[in-house]
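All remarks here apply to the structure that follows.
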Amino acid sequence: MKTQEQYQEALGRASGGLSMGNYPAIFAGFAQMGIPESEIKPRENIFTYNAWKAVGRHVRTGQHGVKVVTFIDVTKEDKETGEKKTHSRPWHTTVFHISQTEPDKRNGQPATAPQVMPETAELNEESAAAPQGFKIEDPLSGQTIGSF
């Protein structure tokens, strides 16, 4: 079972990255699904399944997203020296547009969007110039779902 911390970590990775390497695949994939280019906003309304869970939404049953490649950090321990080494490796995942999601319901009320955990919100020197903060809006109702 996924924990809220794992969802928050996924949201931090989804919203905090700087690479634009997957943008062509994202735009092409969602345009092919009939979503207008003006409504395709990676890192604003395009997230992974886990990142959508972190903001109180879930992907509707039967929805198909766009496959992308990202990199994750992996730590391995050298069996001979006991030294821990961290390296990045490719990871395939699927992203979904907000129009493919619905608000989570708890006790008949929409769930409130949790805030980004401090560990995932911290910026390193390389990303200090990146835009900070964003909000997620439901394109159908125009209602703000969450701000980060």
- Residue ID - nearest to K105 (Cα to Cα), chosen from residues in segment 50-66 that are of a type outside the set (A, V, I, L, M) and assigned to a loop (DSSP other than H, G, I, E, B): G56
- Just one of (1) at positive phi; (2) of a type in the set (G, A, S); (3) touching a Pro at 6+ places or on another chain (Cβ under 8 Å) trips up G34, so point out which. (3)
- Would you pick out the residues in segment 23-49 that are in a loop (DSSP other than H, G, I, E, B) and either within 13 Å of the chain's Cα centre (by Cα) or surrounded by fewer than 18 Cβ atoms within 10 Å (Cβ to Cβ) (or both)? M33, G34, P36, K41, R43, E44, N45
- Task: Count, please, the residues in segment 72-98 that happen to be touching a Phe, Trp or Tyr at 6+ places or on another chain (Cβ under 9 Å) and modelled with pLDDT of 90 or more.
- Result: 6
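The values are calculated or read from the model by the stated rules, or taken from the named source; none is laboratory data. Just so it is clear, the structure is predicted and the values come from calculations on it, not from any experiment. For neighbour counting, all protein chains shown are included, and Cβ atoms are generated from backbone atoms with ideal geometry for every residue, glycine included.
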